[in-house]
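What follows is a single structure, written as structure tokens, with notes after it.
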Amino acid sequence: MRYCYILCPNKSKSAVPEIYNILASIYKISKSSPSYTIVYSKLFNKCMKKGIFEYVVNQMRSIISANLPLINIEKIDSDSDNVNVYFNPMYIENNLYLLETWIETTEELDPSIRRLVLYHKKLEIEEIMETRARNTKGYEEMRYKISDDFDKVALEAYCENCGGYYTSVALDLIDYIRHIAYLLYDPQSLHVKCPRCKGEKKSKITFALIS
């Protein structure tokens with residue numbers, strides 16, 4: 001119950017360094033560390049140095065308050081999926097400081113580790129998108145076409161100007177994640193050229209949001 005106690009909303013800011021120490025002790029980098037351990041270790045360290053680790057704590061508290069069924073804070077030290085939920089960039093869209101720090105962290109990773117981190121994120125988004133695609137065949141073909149591109153993500157777009165035409169597109173993965181965040185401020189911020197309109201008009205992206 002230790003984690004649950006220090007994450008209680010009524011705990012003061014004094015809980016921040018304690019939570020950091022706990023996470024830092026869990027996500028220690030070694031020669032055999034998987035990519036998620038490395039990226040989270042560096043993310044937490046960077047947040048602490050920038051003085052925004054309190055945002056990390058608030059993020060954990062807000063998700064706990066939401067009573068999401070997939071959260072098990074007691075298993076945070078043994079289950080990577082749990083920490084992935086807390087700090088998944090698709091879940092921190094309401095905090096641009098954390099999102100930009102996550103992006104900054106991934107950009108500073110060793111290229112081989114960065115490829116793995118982005119590849120996992122690419123697959124995660126595409127698997128969700130495939131369950132929502134209206135033109136499944138076209139989407140499968142796009143996924144295969146860019147399967148070797150770890151920094152690109154296949155999405156399906158809907159063109160309002162073509163009478164319900166669905167098309168699959170490939171976007172830069174980091175750009176897509178960043179656009180997801182800014183959708184809160186500008187719902188029309190992400191568009192792509194429609195191949196049927198020959199670039200004369202724009203398509204509205206059907207977003208693959210994690211829920």
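No lab work stands behind these numbers, since they all come straight from the coordinates. Because the structure is a prediction, the values reported are computed rather than measured. Here the Cβ is made from the backbone with ideal geometry for all residues, glycine too, and neighbour counts use every protein chain on show.
Amide hydrogen proximity for Leu109: with H placed 1.01 Å from N in the peptide plane, no residue at 5 or more positions away or on another chain lies under 5 Å. Restricting the GluC sites (Glu not before Pro) of segment 98-183 to loop positions (DSSP other than H, G, I, E, B) with no more than 15 neighbouring Cβ atoms within 10 Å leaves Glu108, Glu160.
Computed 3J(HN,Hα) for segment 47-55, one whole-Hz value per residue from the Karplus formula 6.51 cos²θ - 1.76 cosθ + 1.60 where θ = phi - 60°, is 4, 5, 5, 7, x, 10, 5, 4, 5, glycine and proline marked x.
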